[in-house]
Each structure stands twice: as C-alpha cells, then as structure tokens.
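**Q** The following block contains the structure, expressed as structure tokens.
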C-alpha cells in the first residue's frame, strides 16, 4: 500500500469524492461493494480450494508455495 499523508492524502480524497459524484456512487454503495469484495476468494486452485487472503494461509497453498509455485499463479 501507499503511505500518503498531509496534502497528498487530502488531494486523493477530493479526487475520489469527485469521481463518486461523477459516476453517481454513494458511500453506502461503495461500502457494500468493498464488503462483497472482501468475501470473494483471492486465491483458488483447480481442486476448488479457495482463500480470501485473510487469516492464516491454508495448507494447500502453503504446500504449493513450498514446492516452488508463485502465489500469483493461484490468484482468481
């Protein structure tokens, strides 16, 4: 993530608010979309195993990474 502070952060907030107004996006819609996105799996394999990227990494993914696979290979 980026580490913004001060004026740069404020400019970003203003830009986001303008884009939300431009596209008619409400704060409630944004909150709902973010909550739904957090529940979606970020990693999956051909066997139907999934992981949303939060909490402890599951054994199936750890095994694959220790075997030399790049985690990005499993990004959904």
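Any read-out appearing in this document is the output of simple, stated calculations on the displayed coordinates, not a laboratory observation. Here the structure is a predicted model, which means the values were calculated and not measured. Because the Cβ atoms are built from the backbone with ideal geometry, glycine has one as well, and the counts that use them run over all protein chains shown.
**Q** So which residues in the range 1-34 are under 23 Å from residue 52 (Cβ atoms) and part of a helix (DSSP H, G or I), if there are any at all?
**A** 28, 29, 30, 31, 32, 33, 34
**Q** State whether one or more residues within the range 49-72 are surrounded by 10 or more Cβ atoms within 10 Å (Cβ to Cβ), touching a residue at least 24 places away in the same chain (Cβ under 8 Å) and not in a helix (DSSP H, G or I). So that I can check it myself, show each step before the final result.
**A** Start the filter on the range 49-72 by keeping residues that are surrounded by 10 or more Cβ atoms within 10 Å (Cβ to Cβ), which leaves 49-53, 57-58, 60-65, 69, 71.
Still in the list and also touching a residue at least 24 places away in the same chain (Cβ under 8 Å): 50, 71.
From what is left, the residues that are not in a helix (DSSP H, G or I) are 50.
Taking every residue of the range 49-72 in turn, at least one turns out to be surrounded by 10 or more Cβ atoms within 10 Å (Cβ to Cβ), touching a residue at least 24 places away in the same chain (Cβ under 8 Å) and not in a helix (DSSP H, G or I).
**Q** Scan the range 26-41 and tell me whether some residue there is surrounded by 12 or more Cβ atoms within 10 Å (Cβ to Cβ), in contact with a helix residue (DSSP H, G or I) (Cβ under 6 Å, 6 or more places away or on another chain) and in contact (Cβ under 8 Å) with a residue 24 or more places away in the chain.
**A** No, there is no match, as no residue in the range 26-41 is surrounded by 12 or more Cβ atoms within 10 Å (Cβ to Cβ), in contact with a helix residue (DSSP H, G or I) (Cβ under 6 Å, 6 or more places away or on another chain) and in contact (Cβ under 8 Å) with a residue 24 or more places away in the chain.
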